[in-house]
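Chemist: Dropping the structure in here first, questions after.
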Amino acid sequence: MMLAVAAPGLTVRPATTADIPALDSLIARSARLLGRGFYTDGQTEAAIAHVFGVDSELVADGSYLVVEADGRVAGCGGWSRRPTLFGGDRYSARSTGALDPALDPARDAARIRAFFVSPDHARRGAGTMLLAACEDAARAHGFRRAALMATLPGIPFYRALGYVAGAPVTLDLDGTMVEFVPMDKNLVADIQQ
């Protein structure tokens, strides 16, 4: 299934399990290069080892997307109707093995999850295209709000697209303290404007 093209040369499609190794590689490269100046090398490596990565539950749900430029992966990100706010398969909060229950769209915010763009495609529309596809899908499933946990380099991107920051959260990742920022957005107001 191919989704609508929103930027020249870019397409969005659902991720498959076969994509996961390439996506995990893209995520690590993105974090290392685009996170410079925001996190120390130690913080970046701790986040890659413990938090960053693909959540295979999103792939199975069909809600984790890949944006491609000329057939090459330019970025990845997804949305979820499940409570987990962040963290890939390696994240310890996800280690129960049980599927997350479904959120109630009338009460809960859809989760925007695991957005990473290849450094080669940063600031070229890939992230914006992914986010629009995720927000559209969340709206189509009845969600009126979206929530996410932003990395420090991601804050300006999300803020420019209408997300509002909450109080920073610091995670202890095996003795390395790494800061993230929860953000949310009213998806209904976005339509009405």
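Chemist: Which of the following residues is of a type in the set (A, V, I, L, M) and farther than 19 Å from Ala138 by Cβ: Ala74, Ala60?
Modeler: It is Ala74.
Chemist: Residues in the stretch 125-163 that are under 17 Å from Arg81 (Cβ atoms) and among the aromatic types (Phe, Trp, Tyr): how many?
Modeler: 1
Chemist: Of the residues in the stretch 30-52, how many are among the aromatic types (Phe, Trp, Tyr) and either in a loop (DSSP other than H, G, I, E, B) or surrounded by fewer than 15 Cβ atoms within 10 Å (Cβ to Cβ) (or both)?
Modeler: 2
For every residue, the table says whether it meets (1) surrounded by 16 or more Cβ atoms within 10 Å (Cβ to Cβ); (2) in a loop (DSSP other than H, G, I, E, B); (3) of a type in the set (A, V, I, L, M, F, W, C).
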position: Arg13; (1), (2), (3): no, no, no
position: Leu23; (1), (2), (3): yes, no, yes
position: Ala28; (1), (2), (3): yes, no, yes
position: Val54; (1), (2), (3): yes, yes, yes
position: Val66; (1), (2), (3): yes, no, yes
position: Gly75; (1), (2), (3): yes, no, no
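Chemist: Now for a separate question. Output the number of residues of the stretch 132-157 satisfying the condition of being in contact with a helix residue (DSSP H, G or I) (Cβ under 8 Å, 6 or more places away or on another chain) and buried (at least 22 other Cβ atoms within 10 Å of the Cβ).
Modeler: 6
Chemist: Just name the residue that is nearest to the chain's Cα centre (by Cα) out of those in the stretch 162-172 that are surrounded by 15 or more Cβ atoms within 10 Å (Cβ to Cβ) and in a loop (DSSP other than H, G, I, E, B).
Modeler: Checking each candidate, the answer is Tyr163.
Each reported figure results from applying straightforward, stated rules to the coordinates on display, with no laboratory input. Because the structure is predicted, anything quoted here is derived from the model rather than measured. We place every Cβ from the backbone using ideal geometry, glycine too, and count neighbours over all the protein chains shown.
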